[in-house]
Amino acid sequence: MSATQDPGPVTGDDVLEAVALTLAALRPARDADWDVLAGSLEWTCWETGEHLADDLFGYAAQIGSPHPMADAYVPFGGQRRRPEGPVNTITADKSAGPAGLLQVIEACGGLLAAVARVTPGSARGEHVFGASDPEGFAAMGVIETLVHAHDMTSGLGLDFVPPADLCARTLHRLFPDAPEGAEPWAALLWLTGRGELPGRERVVGKWRWYGAPRAT
């Protein structure tokens with residue numbers, strides 16, 4: 001399947017699948033040093049895992065309120081563990097170790113999946129890349145999960161290659177400019193500045209997706 005074919009909608013099940021794949025890939029490194037950098041990021045693998053959990057929680061909260069705000073973020077507080085790290089509302093107890101961090105990621109993924117399933121499709125929530133619907137927030141959760149799984153597994157010396165159909169559904173929802181004919185996982189990594197595509201310049205610096213609901 002190419003990155004530009006219509007592969008169907010993104011659902012809460014896709015969020016659960018992405019999270020489950022990520023946890024399965026990372027569990028072999030539960031006894032490793034998670035303070036190493038996550039791939040090409042300036043964050044450690046631990047910080048990246050907390051950021052992922054925070055994203056999943058934040059997307060659920062942003063679209064899951066009975067009165068979601070399409071023009072503002074829910075004003076949660078946040079903090080950094082160190083100056084170079086991400087600002088997170090959700091953190092994991094470091095004494096619980098990587099296994100505990102994976103539990104936090106799994107729980108936040110479950111929240112987003114549940115919210116995506118029950119929130120009316122007409123609902124809209126704010127995001128810097130455009131106000132979006134429940135499917136859009138589910139797709140954002142899948143993208144964040146897959147790319148940060150790539151970052152963490154790269155830092156920990158593990159392999160991670162998600163299924164093409166999962167990548168294709170998410171690309172179709174959020175990246176209308178996805179390159180034609182490219183394999184979905186390779187296209188996703190390229191679009192997020194993490195990989196190469198033959199005949200195309202590497203994406204350097206800022207990249208974005210498009211959260212506005214796709215026309216039907």
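In order along region 127-136, the Karplus-derived 3J(HN,Hα) couplings, from 6.51 cos²θ - 1.76 cosθ + 1.60 at θ = phi - 60°, round to 8, 4, 9, x, 3, 9, 9, x, 4, x Hz, and Gly and Pro are given as x. Quick one: in region 1-158, what % of C-alpha pairs are over 22 Å apart? Tail of the P(r) past 22 Å holds 41 percent of the pairs.
The slack in the chain from residue 183 to residue 161, taken as 0.36 nm per residue of separation less the alpha-carbon distance, amounts to 6.7 nm. In the chain, the sites counted are chymotrypsin sites (Phe, Trp or Tyr not before Pro) in DSSP loop states with at most 16 other Cβ atoms within 10 Å, and the longest stretch holding none of them, exclusive of the sites, is 130-206. Taking every C-alpha pair closer than 8 Å and separated by at least 6 residues, the mean separation divided by the residue count of region 120-175 gives a relative contact order of 30 percent. Over region 1-81, with a single point scatterer placed on each C-alpha, what log10 of the ratio I(q)/I(0) does the Debye formula yield at q = 0.15 1/Å? Taken in order of the listed q values, log10 I(q)/I(0) reads -0.82. For an R0 of 25 angstrom, estimate the FRET efficiency from the Cβ-Cβ distance between residue 95 and residue 128 and round to the nearest 0.05. Efficiency computed from Cβ-Cβ geometry: 0.15. Model label sites at residue 114 and residue 27, defined 7 Å from Cα along the beta-carbon direction, differ in position by 2.2 nm. Computed over all pairs of different Cα atoms, the Kirkwood value for the hydrodynamic radius of region 137-216 is 13.1 Å.
Over the residues of the chain, the helix contribution to mean residue ellipticity at 222 nm works out to -15500 deg cm²/dmol, using -39500 (n - 2.57) for each DSSP H run of at least 4. Mean separation of Cα pairs under 8 Å and 6 or more residues apart, divided by the residue count, gives the chain a relative contact order of 32 percent. If you take all other residues with their beta carbon under 14 Å from the beta carbon of residue 123, and give Lys and Arg +1 and Asp and Glu -1, the sum is -2.
Residue farthest toward the positive end of the dipole of region 114-189, with Cβ of Lys/Arg at +1 and Asp/Glu at -1: which of 153, 187, 116? Working it through, the farthest residue towards the positive pole turns out to be 116.
Considering only alpha-carbon pairs that sit under 8 angstrom and 6 or more positions apart, the relative contact order computed for region 1-126 is 37 percent. GNM remark for the chain: springs join alpha carbons under 10 Å apart, and the peak mean-square fluctuation among 92, 53, 149 falls on 92. When the chain is treated as a GNM with alpha-carbon contacts under 10 Å, the residue of 124, 27, 194 showing the greatest mean-square fluctuation is 27.
Scaled to the globular estimate 2.2 N^0.38 Å, the Cα spread of region 68-152, given as radius of gyration, is 1.21.
Using the Karplus relation 6.51 cos²θ - 1.76 cosθ + 1.60 with θ = phi - 60°, the per-residue 3J(HN,Hα) values for region 195-209 come to x, 10, 10, x, x, 10, 6, 5, 6, 10, x, 6, 9, 8, 10 Hz, with x marking Gly and Pro.
Across all directions, the average flat footprint of the convex hull enclosing the Cα atoms of region 78-216 is 10.1 nm².
We did not get these values from a lab; they are worked out from the coordinates using the rules stated. Only a predicted model underlies this, so the values are computations on that prediction, with no experimental measurement involved. As a convention, Cβ positions derive from the backbone with ideal geometry for all residues, glycine included, and neighbour counts pool all protein chains shown.
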